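Worksheet for the structure shown next.
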Amino acid sequence: MARLGEVNRIVGGAGRRAVRFAVLGVVTAAVAGGTGWYITRGTDEPAATVETAQATRGTLATTVTLPGTASSTSSVALTFPVAGKIAEVNVVIGQAVKAGDQLARVDDTDARQALQTAQNNLDLSRLKLSQLQAPPKPEDAQATRQTVISAEASVQNAQIALERLKRPSTAADISAADAAILSAQASLESAQRAVDTSFGTLRAAQNTYCALLGGILPAVPCAPGAFPLVPDVIVQLQSILGPPFALPSSHASATNGILSANSSYLNAIQNVTTLKTALEQAKSKRALLDAGPDNLDVYAAGLALANAQESYKSALAREAALQRGVDPLDLQSQVLAVRSQEIAVTTAQQKVTDAILRAPFAGTVGAVPLIVGQQVGTSTAAVTLTDTGTIQVKMTLSESDLPQVRAGQLGLATFDALAGQSFVVRVIGVSPMPTVTQGVVTYAAQAMIVRGPELIELQPELQKLAAALSSGNARTGAVQIPGLGGGGPGAGAGGGSSATPGASATAAASASPAGSATAAATAPTKGGGGAQGRPAGAGAGAGAGVGAGAGGGITGAGGQQRLPSEGMSGSVILVQSVSENVLLVPSGAVRREGRQSVVLVPDGAGGTQSKPVVVGGTDGSRTVITSGLDDGAVVVTSAIRATGTATGTARPGQNQAAPAGPAGPGGGGAAIR
């Protein structure tokens, strides 16, 4: 058994380096919470030191760390209810929107025109209904009576006309027709003579005008073939009779004379034309008397009589209806017409509304594959909207993780893109069906982010969660998680937590700017900071001290947290079990001798001896001793030669301690395992 050398002292204190001296075979070493001995094996072997630790009561938590991805249960690709051309795009990717916000709009010109047409038809139907429902007015009765009388007279006239066509011509009719022809011929001859007379009068007026004004005023009336005067010349002659012209009376009289004579000449010509037409009509009537009535004329007269009779019946019916009031069937029919038009207006209004794409719920815009002018259909994905309030966490489990994860477990999720924030999660389901990818078997699990009132209801469980996540370091103080109140003042000096190869993730404390400690989950890592993970003699570790001030807390316990967006990657720490008030030693102190677990303890005579123990659970860095060891007992964790090579006290694959690093800024400098 190696002899135990002189115990120098425990080196500690804020900001001091661990210094090692080798004088006359005496070595002092800075160790993590323990004592170093100088062990001699003879003059031919190099000197070595051992690291020790004290068995202490504490809390041990076992955890499992899983990769996680944020996923929304309400992420939908929104589409327009109507097809059309994009007129507006109102959002961009990543924009937060409220329920009812306008996201985009298609051109609604045609829809608005259809709505206006439907509204006009509805107004007309309502007007007709109001007319039917209104009581009759006295003037309405009088107008209806007059319509009946007029329709009756039309029937009588049509009957007379038809009878005249059917009646054969008499001698009196023929004589009257001949007399009408003679009268028309005489009137025409007289009119022709009047034309000649009026033309003579016009020529005389022309001579007078041209003699007085031919060289001064418009000379058109003096040209050959000037009569009858064209409208433009008449306008010119009329204009010189008024201001600003002031013609002598003779000149004005001559001008008026030619205008009057021209008008008489035009009237005479028009009269001749009218009398020629009258003569032709008289001759046609005479010819009809000789030929008898035409079948087409008789048919037309009969049709006119039938139409007159129908109009008369309709007038009588309207008068009768007015007298007896509105027909219930007519009223009901018009009511249905109004309802039909109201439906048409509602449908048209809905099409106008459907031209605007609105957010059905509050969320974040994930994709906007739209451009103004683009033609879209009712199946075109317009905007992808994610409800961040329904974000869950999807996790992937290995076969070894599957037995450790169950529904209802609480844990803590962190995301790479949300540094400084953590979220309480609860496992809501674990799929028993494996997924095999390239020979690797995994299982899917899902957790919900616990928020709002549920956090308040889970206070006892959250306290246990906080204790479990901080149980790996007794100096971190109370751990605060979202929804859980802050811890008390932390210790003034604290060491940084080291990662142990093969250990499950634990929660460690780091100093925050405000002086409060923030718990950060650290995944199992080889070669981590602190007193562990460096080869012997490789240099000082990076043990971080916890600053004095308020107790540590996980960021986000108070105030408004930003929820993770869909697709964010992170990790989830789930607590497997929590053992309180158990005796703990560093896992490197436990060895196997055959089938028995043992620890090395000082034998009181300068050496060490094996002591059988019964071990319980472990978190990878610390092991529970259920029997065989007393509280406060000192155990050997490792032995290190002076040359920097560790002794073989721990078998390959077991945790081996490295030299302690310098004290962190909070003081102490002792690495916590």
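The values are calculated or read from the model by the stated rules, or taken from the named source; none is laboratory data. None of these values were measured; they are calculated from a predicted model. Because the Cβ atoms are built from the backbone with ideal geometry, glycine has one as well, and the counts that use them run over all protein chains shown. In case anyone asks, the SASA skips ligands and DNA or RNA and just uses the protein heavy atoms, side chains included. Shrake-Rupley method; radii C 1.70, N 1.55, O 1.52, S 1.80 Å.
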| field | Qualifying aspartates and glutamates (Cα of each under 12 Å from Cα of Lys464; at least 8 residues distant if same chain) | value | Glu580
| request: Please list 240-248, 82-90, 400-408 highest first by mean number of surrounding beta-carbon atoms within 10 Å per residue. | output: 82-90, 400-408, 240-248
| field | FRET efficiency, 1/(1 + (r/R0)^6) with R0 41 Å, evaluated for Val230 and Ser183 via beta carbons | value | 0.75
| Added length on full extension, which subtracts the Cα-Cα distance from 0.36 nm per residue, Leu241 to Asn267 | 7.1 nm
| field | Most to least packed among 584-594, 116-126 [average Cβ atoms within 10 Å] | value | 584-594, 116-126
| Taking R0 as 35 Å, what's the FRET efficiency between Leu455 and Ile371 from their Cβ-Cβ distance, rounded to 0.05? | 0.20
| remark: At the level of C-alpha centres, the distance separating region 228-248 and region 160-197, in angstrom, is 43
| field | Over 23 Å (Cα to Cα) - which of Lys166/Lys285; Lys128/Lys351; Lys166/Lys283 fall in this group | value | Lys128/Lys351
| query | Ranked highest first by average number of other Cβ atoms within 10 Å, how do 423-433, 61-71 line up? | reply | 61-71, 423-433
| request: Obtain the nm distance between the two label points defined at Glu580 and Ser379 by a simple spin-label model: each point lies 7 Å from its Cα along the Cα-to-C-beta direction. | output: 6.1
| message | If the reach is capped at under 13 angstrom between alpha carbons, list the aspartates and glutamates near Lys394, excluding any in the same chain fewer than eight residues apart. | response | Glu566
| field | Paramagnetic reach from Arg562 in region 53-76 [backbone N under 19 Å; point 7 Å along Cα→Cβ] | value | 69-72
| Neighbourhood net charge (15 Å Cβ-Cβ; Lys/Arg +1, Asp/Glu -1) for Ala315 | -1
| query | Given a Förster radius of 35 Å and the C-beta distance between Ala204 and Leu288 as r, what FRET efficiency does 1/(1 + (r/R0)^6) yield to the nearest 0.05? | reply | 0.15
| Roughly how many Å² of Lys464 are accessible to a 1.4 Å probe, to the nearest 10? | 140
| task | Treat each spin label as a single point 7 Å out from the Cα along the C-beta direction, and report the Thr396 to Gln156 distance in nm. | result | 10.5
| query | Length gain on complete extension for the stretch Ser314 to Asn295, per 0.36 nm per residue less the alpha carbon to alpha carbon distance? | reply | 4.0 nm
